[in-house]
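Just below is one structure, and these are the notes that go with it.
The values are calculated or read from the model by the stated rules, or taken from the named source; none is laboratory data. In this text, all values refer to a predicted model and were calculated from it rather than measured experimentally. No Cβ is skipped: glycine too gets one built from the backbone with ideal geometry, and neighbour counts run over all protein chains shown. When the accessible area is computed, the model is the full protein with side chains, heavy atoms only, and any ligands, DNA or RNA have been set aside. Shrake-Rupley method; radii C 1.70, N 1.55, O 1.52, S 1.80 Å.
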Amino acid sequence: MTAPRPPADGTLAAHAGLPPARPNEPPLPGPVFAAHYHLPGEPAGDYRYGRDANPTWTGLESALATLEAGHPEDRPAPDTGGATPAAGTVECVTFASGMAAVSAVLLSQVRAGDTVVLPTDCYYTVRQLVPRLEGHGARVRLAPTAGEGALRELRGARLVWLETPSNPGLDVCDIRRIADAAHAEGALVAVDNTLATPLGQRPLHLGADFSVASGTKALTGHGDLLLGYAAVRDPALAQELRHWRRTVGAVPGPMESWLAHRSLATLELRVGRQAENALAVATELTRHPEVTGVRHPGHPDDPGHPVAAWQMRRFGCVVSFTLPDRAHAEAFLDSLRLVHQATSFGGVRSTAERRARWGGDAVAAGFVRLSVGVEDPRDLVADVRQALDRARHLTGDEGR
Ligand SMILES: *Cc1c(COP(=O)(O)O)cnc(C)c1O
């Protein structure tokens, strides 16, 4: 008899973190709303106070740990002769938002005198932690995601932060290569996995010590909650994260945790469809001469594709590109019918925005970040095409 094949991602996502089937009980127990638990005598048991632990978090954390752990067979072959992925079970700690998870990792690990390497082009609010880290006496070195910029800044570092694909520029770096070099310098490596989700790439397979993400985006996908998590293999790191969460109080709500767990059942369907749709939209965009700099890691012509094709399993839902100027980009966004204007990404309904309206990112005035939802790809492509046509008429950029 052959050994049973481990469940594939869709099966994994649908069943992750559920309790054993018991007669007359629901498949996914409802949210537990508890500030405290009955606790007579000497404190004992897992659930004592609502800031320390909650059964609804436990279920979600077990699901996310399962997804981040995946199966050994899922690992890309270690091509560089690098260290094999560390053994150990994956533990996950959930937080109130992605930023609560990001700051838990950075601020619990980095002390005065430590050096941190951060991407120049990572999520804007993560970069806003730089003065705070420096205020606590840490040194921060910035390096671009493209070209494995972090490799040049590793000397003496305590922690290397990566974000790949980066948001919003969609550059890609080789996690395995940087993790091997960082570990040789004695540094820990954290990867912001928000854009990819664990079904897009598994940083812990690629040598990272932390896989950190916002659950607000593609992971939960419905645009109705904020959540974050960090997954690790080292139980001591998990312990530190839990201690940080308890002392800072950055706890997720039981309702959000439950909605998130419920959403995971469709994760593989959503991210699969969204990645296909994103490729269709990116391909359409490349056909229009007024559109430049189309980026999507799944597109064969994308500069990030060679590394993405090796380390990613699904390429995410974000497409970025540049229109000639602000007026042209605004005319395009106003002309979209299916794609709503909003920040954030990863939701089941497509959204887009002119990123420069926020400031803070090194992007052109006409730079658009489009998050592709689960709509029918023909409708989406048609909507993008008609909005491009209309924007061209409105701005008089006919000749381009
Ligand atoms: C949105 C985002 C975050 C922050 O997550 P919140 O849930 O909004 O706090 C962190 N990193 C990346 C890459 C993001 O896109």
Practice item. Would you point out the residue of the range 273-293, among those that are touching a strand residue (DSSP E or B) at 6+ places or on another chain (Cβ under 8 Å) and open to solvent by 10 Å² or more (accessible area, probe 1.4 Å), that is nearest to Gly373 (Cα to Cα)? Key: Thr286
Check your understanding: If you go through the range 186-205 one residue at a time, do you hit one that is over 30 Å from Ala265 (Cα atoms), of a type in the set (D, E, K, R) and either in contact with a helix residue (DSSP H, G or I) (Cβ under 8 Å, 6 or more places away or on another chain) or assigned by the TED database to the domain that holds Leu219 (or both)?
Key -> no
Check your understanding: Regarding Glu148, is this residue away from the ligand (no atom under 16 Å from the Cβ), open to solvent by less than 40 Å² (accessible area, probe 1.4 Å), outside the structural domain of Thr292 (by the TED database) and of a type in the set (D, E, K, R)?
Key -> yes
**Study point:** Candidates Pro55, Pro78 - the one that is over 22 Å from the mean Cα position of the chain (by Cα), at pLDDT 80 or above and open to solvent by less than 70 Å² (accessible area, probe 1.4 Å)
**Key:** Pro55
Revision key, fill the gap. When every residue in the range 121-138 that is open to solvent by less than 60 Å² (accessible area, probe 1.4 Å) and under 22 Å from Leu151 (Cα atoms) is compared, the one farthest from the chain's Cα centre (by Cα) is Ala138
Exercise for review: Go over the candidates Ala327, Ala356 one by one and state the one that is outside the structural domain of Leu170 (by the TED database), in contact with a Ser or Thr (Cβ under 7 Å, 6 or more places away or on another chain), part of a helix (DSSP H, G or I) and of a type outside the set (Phe, Trp, Tyr).
Suggested key: Ala327
Study note, to complete from the structure: Only unsatisfied item for Pro254, checking (1) over 30 Å from Glu375 (Cα atoms); (2) more than 20 Å from the chain's Cα centre (by Cα); (3) in contact (Cβ under 8 Å) with a residue 24 or more places away in the chain, is (1)
Check your understanding: For residues in the range 226-254 being assigned to a loop (DSSP other than H, G, I, E, B) and open to solvent by less than 10 Å² (accessible area, probe 1.4 Å), which is nearest to Arg270 (Cα to Cα)?
Key -> Leu227
